[in-house]
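To start, the structure under review is shown below, and the notes come after it.
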Amino acid sequence: MPKKDVDPNVTKIRKLLEEGKAVIGTEKTLAGLKHGRLAAVYLAANCEKAAEADIRHYAGLAGAEVIRLGHLNTEVGTLCKKPFSIQALGERK
């Protein structure tokens, strides 16, 4: 049986979670961006427009990369082993 191709972003997020370098949630991600503590931000495919606009604005100021995932917020929550949906998560520097 052929092995399914795994999204490299999913692999990266799993690694961040294991290392404790992930910041989960829109509010914590925005706070991390405002303080210049994040290197990258991952957004769910159905991230709210207002939240995405704020994140992109502060990411531009902080020089952080914004990566759009091909997964819905419920799937990102499952990936992070949380019982709730997650629309944004950040990668600590």
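No value in this document is a laboratory result; all are computed from the given coordinates. Since the structure is predicted, the reported quantities are computational estimates derived from the model, not experimental observations. All Cβ positions, even for glycine, are placed from backbone atoms using ideal geometry, and neighbour counts span all protein chains on display.
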Any idea how many Lys pairs in region 9-92 come in under 20 angstrom at the alpha carbon, given 8 or more places apart or on separate chains? 14
Stretch Val66-Ser85 to full length: gain in nm at 0.36 nm per residue minus the Cα-Cα span? 5.0 nm
Which residues' amide hydrogens lie under 5 Å from the amide hydrogen of Ile67, considering only partners 5 or more residues apart or on another chain, with H built in the peptide plane? Val41, Tyr42, Leu43
How large is the charge dipole for the chain, taken about the Cα centre, if only the Cβ atoms of Lys, Arg (+1) and Asp, Glu (-1) carry charge, to the nearest 20 debye? 260
Among rounded, prolate and oblate, which fits region 9-92 when a ≥ b ≥ c are the square roots of the eigenvalues of its C-alpha gyration tensor, a/c under 1.5 means rounded, and a/b larger than b/c means prolate? oblate
Once fully extended, how much extra length lies between Asn9 and Asp54, figured as 0.36 nm per residue of separation less the alpha-carbon to alpha-carbon distance? 14.0 nm
Can you tell me how much longer the chain between Thr78 and His35 gets when fully stretched, taken as 0.36 nm per residue apart minus their C-alpha distance, in nm with one decimal? 12.7 nm
Ordered by residue, what ³J(HN,Hα) values in Hz, to whole numbers, does region 23-31 give under the Karplus form 6.51 cos²θ - 1.76 cosθ + 1.60, where θ = phi - 60° and Gly and Pro are x? 10, 9, x, 5, 5, 5, 5, 4, 5
